[in-house]
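K.L.:
Please find one structure pasted underneath; my questions will follow.
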Amino acid sequence: MISTRLASLLFCSLVLLACSSKPNQDYDTGYDFSQLHTFSGITTASNSDPLSAQRIADAIQSSLLTQGFKQADDTAQFKVNYTFNITDKPKKSGLSIGLGTGNWGSSGGVGIGTSVGVPIGNDSAKLQTIQIDMIDIKTQQLIWRGSDNFSFDTGGEDKAQLTQQTVAKILAQFPPQESLK
């Protein structure tokens, strides 16, 4: 009985883990990130959506300041560039499978159920991808890049919060911990 519950719990945990997104990162493995303490301006190459651009810039600044970096344009060691892209993403209308266990008296059992989801309303959502680059001021070389995305249906407060959360997840990997050892 306990092994069935443990197997069920393990299966559910793996499904949830597979559904969560983890930001991507790449960095210069030979760079000494421990020397970085100050950053300069946060700029974007594209500005077709001024609301999103400002939200992302504010979230980057807030995250870096929270991590202990200082903004000092005249003595900065790295600068921050970012890009973002918004695309249409079809809503899923797929098949879901569930697994459950239970017992009745002295007997136990495992059950499997399915459901089919049908999207109602708009047939697509939006997907916003954010990429953040850290550039060494002296060499003008890219030293770190992180990216992630999120889905949204409408703008406003929900999108602002998703932007903040996504930027924080990306920058939680900066500086890369492997390089600080």
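K.L.:
Amide H of Thr44: which non-local residues (sequence gap of 5 or more, or other chain) have their own amide H closer than 5 Å, using H built in the peptide plane?
P.N.:
Tyr82
K.L.:
Further question on the same structure: What net charge is computed for the residues neighbouring Thr166, neighbours being all others with C-beta under 12 Å from the C-beta of Thr166, Lys and Arg scored +1, Asp and Glu -1?
P.N.:
+3
K.L.:
Taking the Cβ of Leu142 as the centre, find all other residues whose Cβ is under 11 Å away and add up their charges (Lys, Arg: +1; Asp, Glu: -1).
P.N.:
-2
K.L.:
Here is a further query. Just list whichever of Lys89/Lys159; Lys138/Lys169; Lys79/Lys126; Lys22/Lys126; Lys126/Lys159 have alpha carbons separated by over 21 Å in the model shown.
P.N.:
Lys138/Lys169; Lys79/Lys126
We did not get these values from a lab; they are worked out from the coordinates using the rules stated. Just so it is clear, the structure is predicted and the values come from calculations on it, not from any experiment. Cβ coordinates were reconstructed from backbone atoms using ideal geometry, including for glycine residues, and neighbour counts include every protein chain displayed.
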